[in-house]
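I have placed the structure first, in the form of structure tokens, so that the comments after it can refer back to it.
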Amino acid sequence: MSGGAGRLRMVRWLGFLLVALSLFVVGASAYLRLDAAGLGCADWPACYGQLLAGEPPPLYFGPARVFHRAVASLSLIVAVIVVWQCWRRPPLMPVAWPATALLGLMLVLSALGIWSTDPRLTVVNLLNILGGLGLVSFSWRVVLATSPSAGGSAMDAAHPLLRLGALCLTLTVFFGAMIGARHAALTCASFPDCAGNWFPRVGAETALGLLASLSGAPQAGDRAGEALHLLHRYSALATLLLLGGGAWRALDERSKRRSAMLMLALLPAEVLLGGLLVLGNYSIEIAVAHGACAAAMLATLVSLLRR
């Protein structure tokens with residue numbers, strides 16, 4: 001029993017390490033991707049999306065990219081150690097399954113890197129963004145599974161407001177990732193509307209085309225890009241109301257009070273960062289902070305949805 005308890009403590013601390021490493025990987029990945037796309041470059045917006053024209057240039061392996069790859073490799077090694085410790089006899093349940101899922105996600109993202117050198121592939125861009133955000137929440141699931149109260153179903157005890165808020169947050173993250181995947185920042189430079197448009201217009205149905213191969217960044221007035229921005233903002237508003245309401249109700253539950261307070265702080269912060277991102281002419285620093293805050297919200301949601 002003592003050996004199992006010692007392994008569980010070690011897995012818990014390694015889980016915390018994975019959360020920290022995943023947050024760094026998400027931030028560094030976002031910075032490298034946005035910097036390559038030309039977000040916030042000196043001659044903005046003329047420089048935005050230039051890498052989409054013609055064949056992708058060779059990667060520049062500067063210090064930031066080398067450090068990012070080193071941390072990502074370290075994360076993979078730590079995840080392998082965690083999975084090995086979880087499945088040793090006797091296996092550590094229920095930690096083994098989320099740890100295995102985390103390792104599987106890391107391996108999928110590693111394999112996806114084969115196609116990631118071509119920024120014109122929308123679906124690859126999207127999977128990279130969503131997968132990176134998923135690393136943080138999956139790592140946090142490992143930590144939560146090591147707690148003494150672990151073992152219940154995540155959704156069984158969740159209030160309906162939290163369930164609806166979780167759905168809205170998922171949609172918000174998806175639409176935001178699609179904006180990045182399609183390099184559609186330029187299509188909407190005003191907030192909260194898009195150049196006087198408050199609803200997606202006719203012709204916006206191509207916004208969710210995942211198999212598109214991009215030849216250039218869509219410009220202001222592009223209806224598909226505008227639709228993504230508006231859908232992202234409306235789903236963010238719904239998330240603020242529903243998830244905020246669910247978190248407020250969760251303050252009454254002692255086991256969820258910290259997570260609820262954190263969510264109530266993250267929700268307005270994320271909305272503020274989103275507005276500043278547009279009004280601040282798409283600063284790369286604000287964009288990275290916006291993505292990191294989204295990752296923190298997803299991890300906090302995991303805590304709110306569990307027993």
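A few comments on the model shown:
- Hits in segment 164-209 (condition: within 22 Å of the chain's Cα centre (by Cα) and free of Cβ contacts under 8 Å to residues at least 40 places away in the same chain): 167, 170, 207, 208
- Pick from segment 238-285, criterion outside any helix (DSSP H, G or I) and of a type in the set (S, T, N, Q), ranking: modelled with the lowest pLDDT: 281
Yes/no matrix, rows are residues, columns are (1) at pLDDT below 75; (2) closer than 21 Å to residue 128 by Cβ; (3) touching a Leu at 6+ places or on another chain (Cβ under 8 Å); (4) of a type in the set (Gly, Ala, Ser):
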position	(1), (2), (3), (4)
34	no, yes, no, no
38	no, yes, yes, yes
77	no, yes, no, no
81	no, no, yes, no
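- Number of the condition not met by residue 81 [criteria: (1) assigned to a helix (DSSP H, G or I); (2) without any contact (Cβ under 8 Å) to a residue 40 or more places away in the chain; (3) of a type in the set (Val, Ile, Thr)]: (2)
Table: residues versus (1) surrounded by 23 or more Cβ atoms within 10 Å (Cβ to Cβ); (2) in a loop (DSSP other than H, G, I, E, B).
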position	(1), (2)
90	no, yes
100	no, no
104	no, no
107	no, no
116	no, yes
123	no, no
135	yes, no
142	yes, no
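- Residue 105, sole failed condition from (1) free of Cβ contacts under 8 Å to residues at least 60 places away in the same chain; (2) within 25 Å of residue 277 (Cβ to Cβ): (2)
- Residue in segment 298-306 that is more than 18 Å from residue 19 (Cβ to Cβ) and part of a helix (DSSP H, G or I) present: no
- So residue 251, is it hydrophobic (A, V, I, L, M, F, W, C) and out of contact with any Lys or Arg (no Cβ under 6 Å at 6 or more places or on another chain): no
- Test result for residue 235, over 16 Å from residue 175 (Cα atoms), of a type in the set (Ser, Thr, Tyr) and either out of contact with any His (no Cβ under 7 Å at 6 or more places or on another chain) or not in a helix (DSSP H, G or I) (or both): no
- Residue ID - surrounded by the most Cβ atoms within 10 Å (Cβ to Cβ), chosen from residues in segment 264-304 that are in contact with an Asp or Glu (Cβ under 8 Å, 6 or more places away or on another chain) and of a type outside the set (A, V, I, L, M): 290
- Within segment 244-263, the set of residues being crowded, with 17+ Cβ neighbours inside 10 Å and closer than 28 Å to residue 28 by Cβ comprises 259, 262, 263.
- Screening the candidates 27, 62, 54, 49 for the property of being at pLDDT 75 or above and over 19 Å from residue 220 (Cα atoms) yields one hit, 27.
The values are calculated or read from the model by the stated rules, or taken from the named source; none is laboratory data. Here the structure is a predicted model, which is why all the values come from computation and not from measurement. We place every Cβ from the backbone using ideal geometry, glycine too, and count neighbours over all the protein chains shown.
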